[in-house]
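To start, I am sharing the structure in question, which I have written as C-alpha cells.
The values are calculated or read from the model by the stated rules, or taken from the named source; none is laboratory data. Keep in mind that what you see is a predicted model, and the values were worked out from it rather than measured. Reconstructed Cβ throughout: ideal geometry from the backbone, glycine too, with neighbour counts over all protein chains shown. Just so you know, the surface numbers come from the protein's heavy atoms only, side chains and all, with ligands and any DNA or RNA stripped out. Shrake-Rupley method; radii C 1.70, N 1.55, O 1.52, S 1.80 Å.
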Amino acid sequence: MNKELVINTYEDNILLFKEHLLGILENNVLKYENETDSFLLDLEKNIFQKENIDSILKISNSIATLTLKEMGQSFDIALNKHNFINQKNKIILEYLLESQESPIKIEIEMSDLNA
C-alpha cells in the first residue's frame, strides 16, 4: 500500500531535516527513498536499514552492522542506545552507535496516499 510519509530526523533532539516522501508498506515492511539513500523498516522484527552508493547500515535490536560495498566487508558496531516504537501511523526509531557522539532520532508519520 502506498503511503505519504513525513519524516523528521533529529540529532541530540535538534531537527536536522524534514522530508515529505512516498513509501510502500507491504507485509509490515516500509520502504522509501530520498535523493541519496534507500530505507527499509521491518516493523515486525524492528530492523532499520539505510543504503547508499557506498554502504549499508543495518540496525536491529541488539547490534548494528555496517557493510562497505567497495571493500565487500561488514563490521559490527555496538549500539549504546536503541528504541523502536511502532504506533498505528507513527514510527519512532532512536539509536546511538558506539562511534557517534549524539543519538539520532527518526520520526515517521504515515498516511494513506490520496487518490
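With a 1.4 Å probe and all protein chains kept in place, how do LYS90, LYS58 rank by accessible area, largest first? Mind dumping the intermediate values first?
Numbers: LYS90 60, LYS58 90 Å².
Descending accessible area places them as LYS58, LYS90.
Taking the Cβ of GLY23 as the center, what net charge do the other residues with Cβ under 12 Å away carry, scoring Lys and Arg +1 and Asp and Glu -1? If you can, show how the numbers build up before the last one.
On the way: positive: LYS3, LYS31; negative: GLU4, GLU19, GLU26, GLU33, GLU109, ASP112.
Combined, the nearby Lys, Arg, Asp and Glu give -4.
Let me ask something else about it. How much area per residue is accessible in segment 1-69 when the probe is 1.4 Å and only protein heavy atoms are counted (Å²)? Mind dumping the intermediate values first?
Working: 4240 Å² over 69 residues.
Per residue, segment 1-69 has 61 Å² of solvent-accessible surface.
Now a separate question. Relative contact order for segment 9-80 using alpha-carbon pairs under 8 Å, separation at least 6, rounded to a whole percent?
Answer for segment 9-80 is 15 percent.
Now for a different question. Under a Cβ-Cβ cut-off of 11 Å, what is the net charge of the residues other than LEU57 that fall near it, where Lys and Arg count +1 and Asp and Glu count -1? Don't skip to the end; give the middle numbers.
On the way: positive: LYS50, LYS58; negative: ASP37, GLU51, ASP54.
In short, -1.
May I ask you to list the GluC sites (Glu not before Pro) in segment 78-115 that are in a DSSP loop and have at most 11 other Cβ atoms within 10 Å of their Cβ?
Values: sites: GLU94, GLU98, GLU101, GLU107, GLU109; in loops: GLU98, GLU101.
Here the GluC sites (Glu not before Pro) that fit, given the DSSP loop and packing criteria, are GLU98, GLU101.
Still on this structure, please answer the following. Using the scaling law 2.2 N^0.38 Å as the reference, what is the normalised Cα Rg of the chain?
Details: Rg = 14.0 Å, N = 115, 2.2 N^0.38 = 13.4 Å.
Relative to the 2.2 N^0.38 Å estimate, the chain comes out at 1.05.
If you roll a 1.4 Å probe over the chain with all protein chains in place, what percent of the accessible area is carbon or sulfur?
Roughly 45 percent, rounded to a whole number.
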